[in-house]
Amino acid sequence: MTRYARAAAAPPDDRPGVQVTWARLPVLWWRDVAVTTREPVELNEVDTFTIAAVERLGRLSAEAFEAFTGLPPLIFAGIARRLHSLALLDWRDGALRPFTGAARPTEAPARSGTATIDLLYLPTTDDLVVVGEGLGEWERRVPKVSVAAPLPERLHRVSVRTLLSERIAARRVANLPENVVGLPDGADEPLTAMAGADRTPPLPMCPVVEVAATVLQDGARPTVRVDVACGSGKAVTVDLSGAAGLVARWSALAADLAAEPGDAEAAMRAIGLTEPPWPAPRRDGPGRWRVTVDGAQARALAGTGLLTAPIGLEVRHTHARIVAAVRLAPGDAEAAAMIDLDAALQKALQDGVPAHDAAERGRLMARAWQLRYFPLVHAMREAEDFDYA
């Protein structure tokens, strides 16, 4: 069931996207996960010559190398050791030879290594994300786990190692560094072992945390900043940009402003309309809607603020609350005149006292007084009320 309530403020116009005021988020996480890396190694001209000579001759000694290049045996030893460590050539008995299984000389060699990353997994939306800034603060503050949710059935027999290795191989890990190629040998455990259950439950359970979030969709990839409620009372902010499934789910909630019968009426009642006919909201972008009102509806909304300002509407779903911005469009001449008046008033508030004719100034002053913009009313009447000097 979807419920609606007027929000204290609408999302700002200069930050298109979705504003989540509250959501429950099933989550698993792992800190300092060891991963295998491969770094490309650049070969210089001498390296390339040495490999070609071995390929042509079948064997290259320090003496032959010095004869070809004029470089001393000490340089040859350094080059030989390096090419051997890269598994490009075999170095034994003081000579370089072709190395069985070596990469072809035209291929870029790479050096293997290890590194550690912090990972966060969202089982509901199947997002696995590398948290670049790490989860140290997350664990120091300790997220406030409100409830537990059953792990999706597709994950019941999946271990941590299986999940991570398969996703790395398929490059299905958001923010994964390019040089990460897999996992080294090591221990394994069930996905939910990090939750610290005293015993294995009949149904694997996943911790659920409460969050607020902002999804900005003004670039090629949405930016997702999630504030996780913690036991200390302070929130920890985590960058989950790249969590495409989560963005899609929250965006879908923001797009379903009036998806079910009766939703339009409930949404319009929430912003301040009390009588039918109920205008149908039209989507105007991520988290943004437009409603066409007639004169009577504009009068009903005029007491709550400028008709030119977006109205914040909180869409309350079972596991998330999304704030949308609702803007008004005129549906008849009366509504158009009222919206134009508020546009002039908004300009006056931004730029100072307007230079309108007496009738227009009177309408602006009356509207400013209705909305309790008393400093502007004072400024507009100053020439008349204080013209006694």
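The values are calculated or read from the model by the stated rules, or taken from the named source; none is laboratory data. Note that the structure is predicted; figures quoted are calculated from it, not measured. Counting neighbours? That spans all protein chains shown, and the Cβs are built from the backbone with ideal geometry, glycine included. The area values use the complete protein model at the heavy-atom level, side chains included, leaving out ligands, DNA and RNA. Shrake-Rupley method; radii C 1.70, N 1.55, O 1.52, S 1.80 Å.
Working only within the stretch 259-269, note down all residues that are surrounded by fewer than 19 Cβ atoms within 10 Å (Cβ to Cβ) and touching a strand residue (DSSP E or B) at 6+ places or on another chain (Cβ under 9 Å).
Those that are surrounded by fewer than 19 Cβ atoms within 10 Å (Cβ to Cβ) and touching a strand residue (DSSP E or B) at 6+ places or on another chain (Cβ under 9 Å): 266, 269.
Can you confirm whether residue 292 is part of a strand (DSSP E or B), open to solvent by 50 Å² or more (accessible area, probe 1.4 Å), in contact with a Pro (Cβ under 7 Å, 6 or more places away or on another chain) and at pLDDT 90 or above?
Yes: the conditions hold for residue 292.
Residue-wise test of (1) part of a strand (DSSP E or B); (2) over 47 Å from the mean Cα position of the chain (by Cα); (3) at pLDDT 90 or above.
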{"site": "29", "(1), (2), (3)": "yes, no, yes"}
{"site": "32", "(1), (2), (3)": "yes, no, yes"}
{"site": "78", "(1), (2), (3)": "no, yes, yes"}
{"site": "84", "(1), (2), (3)": "no, no, no"}
{"site": "101", "(1), (2), (3)": "no, no, no"}
{"site": "104", "(1), (2), (3)": "no, no, no"}
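Within the stretch 139-186, track down each residue that is among the charged types (D, E, K, R) and within 21 Å of residue 238 (Cβ to Cβ). Talk me through it step by step, then tell me what you get.
Filtering the stretch 139-186 down to residues among the charged types (D, E, K, R) leaves 139-141, 144, 153-154, 157, 161, 166-167, 171-172, 178, 185.
Matches in the stretch 139-186: 139, 140, 141, 144, 167, 172.
Among (1) open to solvent by 60 Å² or more (accessible area, probe 1.4 Å); (2) touching a residue at least 40 places away in the same chain (Cβ under 8 Å); (3) not small (Gly, Ala, Ser), there is one condition residue 171 misses while meeting the rest; what is its number?
Going through (1) open to solvent by 60 Å² or more (accessible area, probe 1.4 Å); (2) touching a residue at least 40 places away in the same chain (Cβ under 8 Å); (3) not small (Gly, Ala, Ser) one by one, residue 171 breaks only (2).
Have a look at 316, 327, 299 and point out the one that is basic (Lys, Arg), under 19 Å from residue 278 (Cα atoms) and touching a Phe, Trp or Tyr at 6+ places or on another chain (Cβ under 8 Å). Explain how you work it out, then say what you get.
On the way: 316 fails: under 19 Å from residue 278 (Cα atoms); 299 fails: touching a Phe, Trp or Tyr at 6+ places or on another chain (Cβ under 8 Å).
The match here is 327.
Among the numbered criteria (1) over 43 Å from the mean Cα position of the chain (by Cα); (2) of a type outside the set (A, V, I, L, M); (3) surrounded by 13 or more Cβ atoms within 10 Å (Cβ to Cβ), which single criterion is violated by residue 93?
(3)
With (1) part of a helix (DSSP H, G or I); (2) at pLDDT 90 or above; (3) acidic (Asp, Glu); (4) out of contact with any Pro (no Cβ under 9 Å at 6 or more places or on another chain) as the list, and residue 63 as the residue in question, which single condition is left unmet?
The number of the failed condition is (4).
Out of the residues in the stretch 221-236 that are open to solvent by 60 Å² or more (accessible area, probe 1.4 Å) and at pLDDT below 90, state the one that is farthest from residue 143 (Cα to Cα).
221
So which of 218, 256, 198, 239 ends up being open to solvent by 40 Å² or more (accessible area, probe 1.4 Å), within 17 Å of the chain's Cα centre (by Cα) and at pLDDT below 90?
Testing whether each residue is open to solvent by 40 Å² or more (accessible area, probe 1.4 Å), within 17 Å of the chain's Cα centre (by Cα) and at pLDDT below 90 leaves just 218.
Cβ-Cβ below 6 Å, separation at least six or inter-chain, first residue in the stretch 6-24 and more than 10 Å from residue 214 (Cα to Cα), second open to solvent by 60 Å² or more (accessible area, probe 1.4 Å) and in a strand (DSSP E or B): which pairs?
22/321
Given (1) in contact (Cβ under 8 Å) with a residue 24 or more places away in the chain; (2) not in a strand (DSSP E or B), identify the lone condition not met by residue 114.
Residue 114 satisfies every listed condition except (2).
How about the stretch 335-369: which of its residues are open to solvent by 80 Å² or more (accessible area, probe 1.4 Å) and more than 41 Å from the chain's Cα centre (by Cα)?
Across the stretch 335-369, the qualifying residues are 355, 357, 358, 363, 369.
Within the stretch 168-283, considering only strands (runs of 3 or more DSSP E) that don't extend past its boundaries, which have at least 1 residues that are hydroxyl-bearing (Ser, Thr, Tyr)?
Result: 205-216, 223-229, 235-239.
Output the number of the condition that residue 316 fails; it satisfies all remaining conditions of (1) open to solvent by 30 Å² or more (accessible area, probe 1.4 Å); (2) in contact with a helix residue (DSSP H, G or I) (Cβ under 9 Å, 6 or more places away or on another chain); (3) in contact (Cβ under 8 Å) with a residue 60 or more places away in the chain.
So residue 316 meets the others, but not (2).
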